[in-house]
1. Would you confirm, using the coordinates I've provided, whether residue 73 is of a type outside the set (Gly, Ala, Ser), touching a residue at least 12 places away in the same chain (Cβ under 8 Å) and surrounded by 22 or more Cβ atoms within 10 Å (Cβ to Cβ)?
2. Taking residue 53, is it farther than 28 Å from residue 165 by Cβ, modelled with pLDDT of 85 or more and not β-branched (Val, Ile, Thr)?
3. In region 174-191, how many are modelled with pLDDT of 80 or more and either touching a Pro at 6+ places or on another chain (Cβ under 8 Å) or within 14 Å of residue 215 (Cβ to Cβ) (or both)?
4. Looking at (1) basic (Lys, Arg); (2) modelled with pLDDT under 80; (3) within 30 Å of residue 99 (Cβ to Cβ), can you tell me which one residue 153 breaks?
5. Which residues, counting only those in region 10-31, are hydrophobic (A, V, I, L, M, F, W, C) and modelled with pLDDT of 95 or more?
6. Scan region 46-60 for residues that are loosely packed, with under 14 Cβ neighbours inside 10 Å and outside any strand (DSSP E or B) and jot them down.
7. How many residues does region 90-113 hold that are modelled with pLDDT of 85 or more, assigned to a helix (DSSP H, G or I) and under 10 Å from the mean Cα position of the chain (by Cα)?
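The values are calculated or read from the model by the stated rules, or taken from the named source; none is laboratory data. The structure presented is a predicted model; accordingly, all values stated were derived computationally and were not measured. Here Cβ is always computed from backbone atoms with ideal geometry, including for glycine, and neighbour counts include all displayed protein chains.
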Amino acid sequence: MYKVLIIEDDPMIGDMISMYLGEEGFEVIRMETGQKGIEAIKQFAPDVILLDLMLPDMDGLELCSQVRTTSRVPIMIVSMKNKVVERVAALGAGADDFMCKPFSMHEMSARVHALIRRSNFYQNASDSARMNPPARQDAKSERAEALLADKNKIILDVQTRSMIVQGQLVETTYSEFEIMKCFVNHPGRVYTREDLLQTVRGFDSYVTDRAIDVHIANLRKKIEDNPKEPRRIRTVWGVGYKFVY
């Protein structure tokens, strides 16, 4: 039975979601404040979190960022806010999906299932890679397919979907990894925002040009010595971005 943590202070909405997901076979608990939600994450170990942005004790984006520093649990924002800038901010804070109130319970349930499915797929792929390392005699060919590296020690492992920068493991979202894979595969190529949108569309529910800029900004923080003066992910004004060694 999959577990859902709802962090929502509105009792009517919270109870309605809890009842619907409970009837769908989920184990559900609801917390009314951000602090109680943080405590519940440790104790309840949810498979997915439904998070309201407007909580009585803290901002939902702040909570989302805090959770993302220690956990990969999928987070879906459920909020009355529906402006593009707010959805982009949520993605930038580490959310995986965003639904605007009011919404269809059927769609909400489908998205919860999709988030859990995707999370389990990545986890299973990572576990499989750790438990079944390539045979020594095939190591060279296996790693040639699994690793995409540049001369400055940026390594993408497509089996475990992890990025290593100068010997350090760096966490990425799904979309960040896909964008970085395009860059490392084709250094010097200029990608328009539309190119990158097509790369991640289907994984970000509300992906926009602005969301691509947020992903680029986050990647620069993770791989650049000075994100304000990027040397690797460069802006091609009026066009898009390119990656250089």
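1. On the way: of a type outside the set (Gly, Ala, Ser): yes; touching a residue at least 12 places away in the same chain (Cβ under 8 Å): yes; surrounded by 22 or more Cβ atoms within 10 Å (Cβ to Cβ): no.
Here the answer is no, as residue 73 does not meet what is asked.
2. Against the criterion (farther than 28 Å from residue 165 by Cβ, modelled with pLDDT of 85 or more and not β-branched (Val, Ile, Thr)), residue 53 qualifies.
3. Going through region 174-191 one residue at a time, the tally reaches 10.
4. (3)
5. Those that are hydrophobic (A, V, I, L, M, F, W, C) and modelled with pLDDT of 95 or more: 28, 29, 31.
6. Within region 46-60, 56, 57 qualify.
7. Selection size over region 90-113: 0.
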